[in-house]
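See below for the structure under consideration.
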Amino acid sequence: MPERPRRARLRSLLFAPASRPDVLAKLPRSGPDGVVLDLEDAVPAAGKADARVHARDVGARLATEHPDLGVFVRVNAVPTEWFDDDLRALTPAHTGVVVPKVETAMQVDDTARRLGDLGLERTEIVAGIETVLGVEQVRELLIPPVTAVYFGAEDYVADLGGVRTESNAEVLYARSRVALAARIAGVHALDQVVTGFGDDDRFLSDAAQGRALGYRGKLCIHPSQVPLANGAFSPSAEEVERARRLVAAYDEASARGEAAIAFEGQMVDEPLARQARAVLAAADDTSA
Amino acid sequence: MPERPRRARLRSLLFAPASRPDVLAKLPRSGPDGVVLDLEDAVPAAGKADARVHARDVGARLATEHPDLGVFVRVNAVPTEWFDDDLRALTPAHTGVVVPKVETAMQVDDTARRLGDLGLERTEIVAGIETVLGVEQVRELLIPPVTAVYFGAEDYVADLGGVRTESNAEVLYARSRVALAARIAGVHALDQVVTGFGDDDRFLSDAAQGRALGYRGKLCIHPSQVPLANGAFSPSAEEVERARRLVAAYDEASARGEAAIAFEGQMVDEPLARQARAVLAAADDTSA
Amino acid sequence: MPERPRRARLRSLLFAPASRPDVLAKLPRSGPDGVVLDLEDAVPAAGKADARVHARDVGARLATEHPDLGVFVRVNAVPTEWFDDDLRALTPAHTGVVVPKVETAMQVDDTARRLGDLGLERTEIVAGIETVLGVEQVRELLIPPVTAVYFGAEDYVADLGGVRTESNAEVLYARSRVALAARIAGVHALDQVVTGFGDDDRFLSDAAQGRALGYRGKLCIHPSQVPLANGAFSPSAEEVERARRLVAAYDEASARGEAAIAFEGQMVDEPLARQARAVLAAADDTSA
């Protein structure tokens with residue numbers, strides 16, 4: 001498996017239009033683990049040139065002032081006329097580039113080569129999987145230097161010709177496939193956007209689904225979603241407490257020479273102990 | 001992507017036994033977009049020969065009298081003893097042939113070649129995906145001249161050795177896969193039958209699920225299902241109205257140089273605008 | 001398709017730590033179709049050597065005393081240091097070996113070759129699919145002499161980095177894939193464990209889901225689950241009665257030359273008749 005991404009913790013990744021320097025400057029306020037200065041969907045064609053300047057200058061400044069913050073630029077898709085110029089908005093201070101609608105391994109290779117040409121070999125790539133072809137071929141797309149992937153439900157369903165519903169049944173196949181491929185590739189998986197930015201309950205249930213499916217964080221399109229994502233992708237105090245009890249009971253049993261025990265009504269052996277240890281590790285990680 | 005099918009609109013495809021010429025003659029009454037004169041499951045072995053005559057004669061007559069109606073014959077599966085003779089029930093007046101239980105690309109090629117031998121090069125092929133092997137290999141099966149595909153839940157679950165439930169959880173994987181493959185191949189996707197013909201609520205919720213998953217129409221096994229399918233696969237007045245408002249707000253914002261806006265509590269950018277434009281296009285299509 | 005497994009009926013497969021000979025001896029009491037003497041998760045490293053002796057001796061005795069009972073040993077995964085020695089716990093009296101965390105076809109081949117070296121050519125292999133890589137590659141793994149497969153939800157979710165929930169949504173993709181692959185390979189599919197051993201309702205709803213998805217039996221981690229599994233994977237009296245009526249009505253119609261009939265509010269043709277015949281066959285099988 002490839003090396004771990006530099007930034008292990010990316011529970012929340014907050015997007016804003018790179019055309020709005022006033023908004024960009026305030027992005028860190030809600031406490032996101034990462035921010036994305038968006039040159040793609042959020043910026044109309046006429047505004048791309050100006051937006052690149054902001055993505056570059058405000059991005060570099062944010063990265064310098066907030067060393068723990070992941071600072072990304074989302075460029076337009078590789079086949080578009082804007083892609084080449086968009087890449088020039090990146091500097092060595094930026095953490096990485098978000099490439100939307102990735103569909104072929106060649107698009108990843110092209111991106112990496114052009115970053116190299118610009119002297120940006122250390123720039124991470126976050127791949128957006130959000131088309132039917134991308135979902136179908138995802139196993140071939142998460143190759144180095146991709147360090148993270150996001151599943152884009154809105155674009156995916158638009159491409160599929162389907163309908164978005166609160167049940168998320170229409171994306172379960174695609175959302176599951178992307179998480180599975182991310183795990184096999186050893187990259188960080190970021191879950192779909194919730195477009196209704198005032199509906200905290202929906203965001204939380206959507207995030208809980210995503211976490212169950214193996215996602216480690218969520219795209220956010222409003223600052224109010226950031227603390228929700230940070231909470232949802234950190235183990236709760238209750239979960240940590242239960243994991244601690246479970247591991248203690250399991251370790252005590254192991255010392256006695258037993259490896260399968262009844263614990264609070266469940267049969268616990270190695271796989272459940274491993275799940276509990278993962279909760280404790282995540283708790284250490286997020287409280288750090 | 002291959003050429004669009006001749007008949008872009010196929011919201012309802014109504015089946016009847018080709019052994020029943022009285023029933024066949026009345027098929028257009030409920031207003032289906034297409035009809036299928038069935039030589040397969042609906043006709044016992046002893047009746048196949050007579051049924052072919054009806055499929056041919058009544059089919060050609062329906063096609064002539066109803067130029068907007070898609071008129072199809074479902075033959076028996078390619079490996080059966082009946083397949084070759086069944087194909088002779090088709091005429092140039094028929095829209096196409098429905099081939100059930102497709103499992104290999106060679107079966108598609110064979111069908112196309114034999115149609116060519118019969119001088120029926122313009123006959124469309126609707127492929128039935130309804131076995132475990134068909135679902136597994138679906139990506140290889142939707143090749144020209146296939147213009148549409150249906151997912152057959154009852155046959156699929158019988159082959160799987162599973163149980164059909166109203167939740168449809170047991171077919172979500174297969175039903176998702178078929179819709180995805182249809183979209184990649186650029187063919188029309190037709191959703192599963194609802195066997196309970198008196199239960200309109202179930203039909204409508206099943207159709208809504210299918211539409212969310214990317215299906216464009218539904219197999220019908222009773223005339224009462226036809227208007228339900230036609231409605232379910234056309235955007236509702238409410239959806240059209242909302243899409244109109246969304247596109248107007250988005251276009252207005254674009255004119256101001258913005259490409260991401262808050263609209264009725266949702267963050268709207270290009271993917272949601274694209275979903276709304278698809279609703280408006282479908283509304284134009286179905287009201288035409 | 002490969003030959004059917006020797007033991008067609010495996011509705012319940014009850015696990016116990018091979019380190020506990022007292023528990024092993026009592027395994028048949030709850031009436032399982034098969035038992036597994038576990039050398040893997042249920043036995044700590046220090047206890048493996050002693051446990052092998054019990055797996056061998058108690059296993060051979062159980063097999064001799066209960067000729068209808070499937071007697072299996074679960075070994076540690078092929079890449080572990082224990083695998084080779086674990087295989088020596090098997091005798092010709094044992095029905096088969098359960099190999100956990102299978103990820104490559106070579107692991108299956110290795111297992112078969114080593115069994116051959118030990119003179120155990122007739123030993124069945126039950127493959128455990130319970131990692132992301134195993135699920136992804138499952139189609140290549142169910143090769144002879146594998147006669148059955150189980151889906152291990154707890155290990156799978158631990159490997160995925162997800163969270164187990166009662167909805168089972170997080171495993172639907174993987175659980176569906178494994179059942180589909182099992183059907184294509186012609187091997188018996190065994191459904192996931194329910195770790196909460198006191199919660200009969202959950203076990204029954206979980207088993208009903210599994211059966212709908214094509215599974216034929218369930219792993220059990222407590223004797224109280226065995227009668228539940230035996231019942232859940234046998235058709236109910238109601239199902240049998242309805243299947244009998246449906247087949248009678250369908251056969252009567254066929255005699256009249258009809259092959260599609262309205263039956264109790266459903267349109268019934270060959271696929272539904274086939275589902276009903278499968279229910280009757282399973283009923284004969286389980287009452288035998």
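Before moving on, here are some points about what is shown:
- Computed from Cα atoms, the angle from the helix A:200-212 axis to the main principal axis of chain A rounds to 70 degrees.
- Each of B:L39, B:T147, B:A169 was placed along the dipole of the protein assembly as shown (beta-carbon charges, centred on the mean Cα), and the one lying farthest toward the positive end is B:T147.
- Dipole magnitude (debye, nearest 20) for the protein assembly as shown, charges at Cβ of Lys, Arg, Asp, Glu: 220
- Amide H within-cut-off set for B:V98, under 5 Å, with H built and near neighbours excluded: B:V73, B:R74, B:V75, B:V126
- When the protein assembly as shown is described by a simple charge dipole with +1 on each Lys and Arg Cβ and -1 on each Asp and Glu Cβ, the residue from B:P271, B:A281, B:Q107 located farthest towards its positive end is B:Q107.
- GluC sites (Glu not before Pro), loop per DSSP, at most 12 other Cβ atoms within 10 Å - longest free stretch of chain A: A:167-263
- Remark: label point of C:D110 defined 7 Å out from Cα along the Cα-Cβ vector; separations to the same position in other copies 4.1, 4.1 nm, ascending.
- Divided by 2.2 N^0.38 Å, where N counts the residues, the Cα radius of gyration of region A:1-123 comes to 0.99.
- Distance cut-off 53 Å, percentage of C-alpha pairs in the protein assembly as shown lying past it: 19
- From phi via Karplus (6.51, -1.76, 1.60), per-residue ³J(HN,Hα) for region C:87-102 in Hz, x at Gly/Pro: 4, 5, 6, 8, 10, x, 6, 5, 6, x, 10, 9, 10, x, 6, 5
- The HN-Hα couplings worked out from phi for region C:58-63 by the Karplus form 6.51 cos²θ - 1.76 cosθ + 1.60 (θ = phi - 60°) are 5, x, 4, 5, 4, 5 Hz, whole numbers, x standing for Gly and Pro.
- Per residue, the protein assembly as shown exposes an accessible area of 39 Å² to a 1.4 Å probe, with every protein chain left in place.
- Measuring between alpha carbons in the structure, the pairs from A:K218/B:K218; C:K48/C:K218; B:K101/C:K218 lying more than 28 angstrom apart are A:K218/B:K218; B:K101/C:K218.
- Chain C, helix-only ellipticity at 222 nm - DSSP H runs n ≥ 4, -39,500 (n - 2.57), divided by all residues, nearest 500: -13500 deg cm²/dmol
- Here's how it looks for A:K218: its modeled amide H is under 5 Å from those of A:S12, A:L13, A:D191, which are all 5 or more places away or on a different chain.
- Cα shape, region B:68-130, gyration tensor, a/c 1.5 rule: prolate
- Number of partner chain Cβ atoms within 10 Å, mean per residue of C:32-43: 2
- Taking the DSSP beta bridges with both ends in region B:12-232, the antiparallel portion is around 0 percent.
- Point-to-point label distance, B:A248-B:L204, nm (Cα→Cβ direction, 7 Å offset): 2.7
- Label point distance in nm, C:R274-C:E239, each placed 7 Å from Cα along Cα→Cβ: 1.8
- The alpha carbon convex hull volume per residue for region C:237-287 rounds to 64 Å³.
- Separation between Cα centres of region B:134-204 and region C:172-244, rounded to whole Å: 23
- Computed across chain A, the Kirkwood hydrodynamic radius from all distinct Cα-Cα pairs reaches 19.8 Å.
- Taking the inverse of the mean 1/r over every pair of distinct Cα atoms in region C:152-257 gives a Kirkwood hydrodynamic radius of 15.6 Å.
- DSSP bridge pairs, the protein assembly as shown: antiparallel proportion in percent, nearest 5: 10
- The charge dipole of chain C, taken about its Cα centre with unit charges on the Cβ of Lys, Arg, Asp and Glu (plus for the first two, minus for the last two), comes to roughly 520 debye.
- Taking every C-alpha pair closer than 8 Å and separated by at least 6 residues, the mean separation divided by the residue count of region B:12-232 gives a relative contact order of 18 percent.
- For chain B, leaving out every one of the trypsin sites (Lys or Arg not before Pro) that falls in a DSSP loop and has at most 16 other Cβ atoms within 10 Å, the longest unbroken run is B:123-255.
The values are calculated or read from the model by the stated rules, or taken from the named source; none is laboratory data. Only a predicted model underlies this, so the values are computations on that prediction, with no experimental measurement involved. Counting neighbours? That spans all protein chains shown, and the Cβs are built from the backbone with ideal geometry, glycine included. Surface areas here come from the heavy atoms of the whole protein model, side chains and all, with no ligands, DNA or RNA. Shrake-Rupley method; radii C 1.70, N 1.55, O 1.52, S 1.80 Å.
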